[in-house]
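Every read-out reported here was derived from the displayed coordinates using simple, explicitly stated rules and does not represent laboratory data. Since this is a predicted model, take the numbers as computed values, not measurements. As a convention, Cβ positions derive from the backbone with ideal geometry for all residues, glycine included, and neighbour counts pool all protein chains shown.
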Amino acid sequence: MKQIPLTRAKIGQEEIRAVTKVLKSGWLTMGRETEKFENEFAKYVGAKYAVAVNSATSGLFLSLKALGIKEGDEVVVPSFTFASTVNVIIHCGATPVFADIKMNDFTMDQKSMESLITKKTKAVIPVHYAANRAGIKTKIPVIEDSAHLIEKNGDNQNVFTSCYSFYATKNMTTGEGGMITTKDKETADWLKMARLHGLSRDAWKRYELKSKWIYTVEFPGWKFNTTDLNSALGRVQLKKLDAFQKRRRHVVNLYNKLLGLGNSGTHLYPVLVENRDKFFDKMQKIGIGCSFHFTPLHLQPAFKRFRTRRLPITEYVGDRVVTLPLDAVITDREVKRVAGMVKPFLVSRDISTKE
């Protein structure tokens, strides 16, 4: 029987032509194609400024550095996220403080977040899990981990930055890549220098025939820039994103109907099962590519030293969560096959949160 992978990128001739055009141009690294991508992306999400980087991880790290996050500072973050969201906090010398999540959409719980705020708290990183917007309200600077969510005209103007991912499994892809958006010009200007060694001028601007060759190193920066090859792919994918999202919503709605659930995010389709080892063994045997997103980070060896309390919902979900095949390619017939095989394993999301 035909295998159904967890996710597939939808790439057409338009993407191939766009990348080929850049290859033939002779300029492959960051240049005008990236500048156009930044402008188009900012317009799509409703942001004032967009800065392209090589990953959402780089975007989160640079955002923390732009805020001046350092040793002795604390950053509130959900434990239920990918390792990168917490890694960047530690790489800044700061302390991650783990918040619990809500059962309905697996995003950061407002009350849990509020209970963790101290004088040392310098930032909060909500994660828009599975493309569900985490509706966090706080006066603390917010850096959005929006790796799962690219929302048209949805950029939150009340946040410091939003960080997006274009990894190969995301709703639109550049293979590898990311974007930072912000409402503040000074921050955007700093980010553009920080992504490329702290240089005052990008390479492509220096190498133009009529351009001045000189530049200054304003501060010690990093090497987090993207390339015009990635950006060319991203520009085409961005134009198709609405169509991708429409198909993904249809798939989510069909899963909901077949499984009796109420999921809303269009990046992942998570369900809870008992005996996950048995579940994965069964799915592998019948050729259905499932995965899990995510393991609770406060229980992982790398982060155990930061654990201060139990996170009951995170731990319940983390023991049972699996994600089903979801992309803009999967057919209704494939969705029905997956749902039929998965349904016997499902368990309720009802849980008592009392300690």
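General observations
- Between the helical axis of 228-259 and the longest alpha-carbon principal axis of the chain there is an angle of about 20 degrees.
- Largest-first principal axis extents of the Cα set of the chain (Å): 67, 53, 33
- Among the GluC sites (Glu not before Pro) found in segment 6-92, those both in a DSSP coil and sparsely packed, with 15 or fewer other Cβ atoms within 10 Å of their Cβ, are Glu71.
- The chain: angle of helix 332-342 to the longest principal axis, Cα-based, in degrees nearest 10: 50
- All Cα pairs of segment 91-236, percent lying beyond 26 Å: 37
- Environment charge at Gly177 (Cβ cut-off 13 Å; Lys +1, Arg +1, Asp -1, Glu -1): -1
- The residues neighbouring Ile69, those whose beta-carbon lies less than 14 Å from its own, together hold a net charge of +1 under the Lys/Arg +1, Asp/Glu -1 convention.
- Taking Cα atoms only, the orientation of helix 56-66 departs from the longest principal axis of the chain by about 60 degrees.
- Contact order normalised by residue count of the chain, Cα under 8 Å, 6+ apart, percent: 24
- With the helix formula -39500 (n - 2.57) applied to DSSP H stretches of n ≥ 4, the chain reaches a computed 222 nm mean residue ellipticity of -11000 deg cm²/dmol.
- Over all pairs of different C-alpha atoms in segment 223-264, the reciprocal of the mean inverse distance, the Kirkwood hydrodynamic radius, equals 12.5 Å.
- Segment 13-233: antiparallel DSSP beta bridges as a percent of all, rounded to 5: 50
- Projected label distance in nm at Asn256 and Leu299, using a 7 Å step from Cα toward the beta-carbon: 2.9
- Net +/- balance of residues flanking Gly93 in space, Cβ distance below 9 Å, scoring K and R +1, D and E -1: -1
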